[in-house]
Amino acid sequence: MQTALYMEGLKNKWEDTDVILTEKETTTIQDLQTQEQACIDKYNRYSKEAHDEVLKDLFSVLADEEQKHFDSLGQILNGTVPECNCNDSAGHNYKPKAAYNDMTNTEDKQNDAYLATDCIGTEKLVSGEYNTDVFVFGESSVRKLLADIQIEEQNHAEMLYKYKMANGMQ
């Protein structure tokens, strides 16, 4: 009975909560939004530039995920910390179909490899920003949300890496 009450308390603890940000916290969230907007723009652009439909679809999915991050950060700026899903396993579960193989080395494959590699680098950068910036915040619900977003950024990089490996890209 006590365990059930404790678990119910934890559930309620991570629902939307109100927060008042310091100036430094506000600036940090705005900087993270700038990073998220850059990711959204990049993924939307790259979804048009990619040749493989699987990669186009992946870029579109990732653009949508980055938009969710941007929107969550906006909610924080408006004083509400949204609920987060901290059990994300999208990277682990991603199994892309191969459009290219180890023997093909077409211009399209090289272009798609470049786009995927560039995005992996971007995801590493953004994940690192979240890793550092999480310590700016005093409110534990904000730290938890930022940690969740960081995990999702790592999952994005993993998905891109798995795409490259499935397609014989170095």
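The values are calculated or read from the model by the stated rules, or taken from the named source; none is laboratory data. Everything quoted here is computed from the prediction, not taken from an experiment. Because the Cβ atoms are built from the backbone with ideal geometry, glycine has one as well, and the counts that use them run over all protein chains shown. Just the protein is used for accessible areas: all its heavy atoms, side chains included, with ligands, DNA and RNA removed. Shrake-Rupley method; radii C 1.70, N 1.55, O 1.52, S 1.80 Å.
In the frame of its principal axes, the range 34-134 has Cα extents of 52, 25, 23 Å, reported largest first. Calculated [222 nm] ellipticity per residue, helices only, for the chain: -25000 deg cm²/dmol; basis is -39500 (n - 2.57) per DSSP H run with n ≥ 4, divided by all residues, nearest 500.
In the structure displayed, which of LYS24/LYS95; LYS24/LYS48; LYS68/LYS164; LYS24/LYS97; LYS48/LYS162; LYS24/LYS164 lie more than 32 Å apart, Cα to Cα? Provide the component values of the computation, followed by the final result.
On the way: LYS24/LYS95 40 Å; LYS24/LYS48 37 Å; LYS68/LYS164 25 Å; LYS24/LYS97 44 Å; LYS48/LYS162 20 Å; LYS24/LYS164 38 Å.
Distance filter (> 32 Å) returns LYS24/LYS95; LYS24/LYS48; LYS24/LYS97; LYS24/LYS164.
Relative contact order of the chain, taken over Cα pairs closer than 8 Å and 6 or more residues apart, is 29 percent. Close amide H partners of VAL81, meaning residues 5 or more places away or on another chain with modelled amide H under 5 Å apart, are THR17, ASP18, VAL19. Using a 1.4 Å probe on the protein heavy atoms only, what accessible surface does TYR163 show? Give it in Å² to the nearest 10. About 0 Å², ignoring ligands and nucleic acids.
Solvent exposure of the range 49-170, expressed per residue, is 50 Å² of accessible area, with all protein chains present and a 1.4 angstrom probe.
What does the charge dipole of the chain about its Cα centre add up to, to the nearest 20 debye, if the Cβ of each Lys and Arg holds +1 and the Cβ of each Asp and Glu holds -1? Please report the intermediate quantities before stating the final value.
Working: 16 positive and 32 negative charges, 85 e Å.
So the dipole magnitude of the chain works out to roughly 400 debye.
Here each label is just a point 7 Å from Cα along the line to Cβ, and for GLU53 and ALA98 those points are 1.9 nm apart.
Can you give the charge dipole size of the range 73-157 about its Cα centre, rounded to the nearest 20 debye, using +1 on the beta carbon of Lys and Arg and -1 on the beta carbon of Asp and Glu?
That gives a dipole near 200 debye.
Sorting 47-57, 102-112, 151-161 by average packing, meaning the other beta carbons within 10 Å per residue, from highest down gives 151-161, 47-57, 102-112. Between helix 53-77 and the chain there is an angle of about 20 degrees, using the helix long axis and the longest principal axis of the Cα atoms. To put it simply, the accessible area of the chain at a 1.4 Å probe is 50 percent carbon and sulfur.
Evaluated at q = 0.10 Å⁻¹, a Debye calculation over the C-alpha positions of the chain (equal weights, vacuum) places log10 I(q)/I(0) at -0.44. For the chain, the longest principal axis of the C-alpha atoms and the axis of helix 107-133 are separated by about 20°.
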